Amino acid sequence: MFTDIDSPLQRLKSFPSHQILVKRDDLIDPYISGNKWRKLKYILEEADIQQKTHLVTFGGAYSNHLVATAAACARKGLNSTAFVRGSENECANNEMLMLCRLFGMQFIFTDRLSYKNKAALFDNQFGNNTSALFVDEGGAGLEAVKGCAEIIAELPNDVDHIFCAAGTGTTAAGLLIGIQQRKLKTQLHVIPVLKGGDFIADEINRYIGNTEQLTLHTGYHFGGYAKTTPGLISFIKQFITTEGMLIDPVYTGKMFYALDHLVSVDYFKPNDKIVALHTGGLLGLMGMKEKFR
Ligand SMILES: *Cc1c(COP(=O)(O)O)cnc(C)c1O
């Protein structure tokens with residue numbers, strides 16, 4: 001684990017007119033999947049350097065980051081604790097938290113108001129605990145950006161467009177930094193999965209000043225975070241059947257929908273080389289079972 005894994009590139013069949021390759025970061029690991037693996041890589045290295053043996057982090061009940069952190073900590077022999085947004089009752093039947101628990105993660109259920117001040121939560125409970133390391137929600141931070149920038153080094157140099165889904169924008173910031181470090185001509189297309197996704201540009205600006213190579217497509221949130229429409233669900237079903245590749249309704253489903261739509265309106269030139277980053281997160285399907293009956 002956490003050696004350099006070059007995840008495969010797979011060409012999509014559904015778009016014979018265009019060369020669309022998927023960077024299969026979902027295949028890195030079933031639980032420490034996709035961008036969460038990229039984001040944790042240097043956080044775990046930092047824990048090692050600082051001799052921290054206990055990762056303390058934050059997330060909602062369906063957070064891919066929590067599962068990834070719990071699994072990574074178990075494999076590294078570290079303890080993990082999560083402040084979970086919501087009450088124990090609300091989260092009782094949650095499949096993701098069940099997996100976290102199996103990996104040995106401890107939970108502190110936190111009401112929505114207290115959850116807003118993560119630094120205070122950490123200080124109250126772990127302020128005097130020298131073995132504990134604060135890890136922000138989703139793993140956001142400089143280490144995460146550094147880990148995500150490495151994705152670019154695993155891609156061909158002549159990619160015209162890279163697509164990724166964004167929650168906080170940390171992954172996108174890393175990709176843009178990777179593109180600029182290598183002086184590539186690649187355009188980065190980001191699909192915010194939340195409503196009002198323009199804030200992603202501000203988030204990216206915290207890490208990098210020059211955003212000329214960034215295009216935000218803010219019209220594919222389908223009502224907001226974890227919201228779906230019948231159109232999105234039927235697109236996802238069709239995509240999975242045709243490509244034999246799972247995608248989820250929270251993140252990658254929205255990104256591939258956007259990509260499919262842009263192809264259909266002739267957004268790209270015929271010979272453009274396009275890479276879509278599969279950021280993983282397939283356990284998100286578990287929380288939406290009833291939508292895929
Ligand atoms: C967390 C997550 C994202 C969002 O990553 P950010 O760095 O927060 O923008 C995208 N896709 C998947 C599958 C995720 O789990």
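All of the numbers you see were taken from the coordinates with simple rules; none came from a lab. Just so it is clear, the structure is predicted and the values come from calculations on it, not from any experiment. When we count neighbours, we look across all protein chains shown, and the Cβ atoms used for this are built from the backbone with ideal geometry, even at glycine.
At a glance:
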quantity: Most mobile of Ser80, Ser234, Ser33 in a GNM of the chain (Cα contacts under 10 Å); calculated: Ser234
quantity: Percent of beta bridges antiparallel (DSSP, the chain, rounded to nearest 5); calculated: 10 percent
quantity: Euclidean distance of C-alpha centroids, segment 232-284 and segment 12-89, integer Å; calculated: 21 Å
quantity: Ranked by how many other beta carbons lie within 10 Å on average, peptides 57-70, 183-196 from highest; calculated: 57-70, 183-196
quantity: Theoretical ellipticity at 222 nm over the chain - DSSP helices of four or more residues, -39500 (n - 2.57) apiece, nearest 500; calculated: -11000 deg cm²/dmol
quantity: Whether segment 36-138 is rounded, prolate or oblate, judged on the alpha carbon gyration tensor where a/c under 1.5 counts as rounded; calculated: oblate
quantity: From phi via Karplus (6.51, -1.76, 1.60), per-residue ³J(HN,Hα) for segment 37-48 in Hz, x at Gly/Pro; calculated: 5, 4, 6, 7, 3, 7, 5, 5, 5, 4, 4, 4
quantity: Those GluC sites (Glu not before Pro) in segment 127-229 that DSSP places in a loop and that have at most 10 other beta carbons within 10 Å; calculated: Glu212
quantity: Anisotropy class of segment 195-293 from Cα gyration tensor, a/c 1.5 cut; calculated: oblate
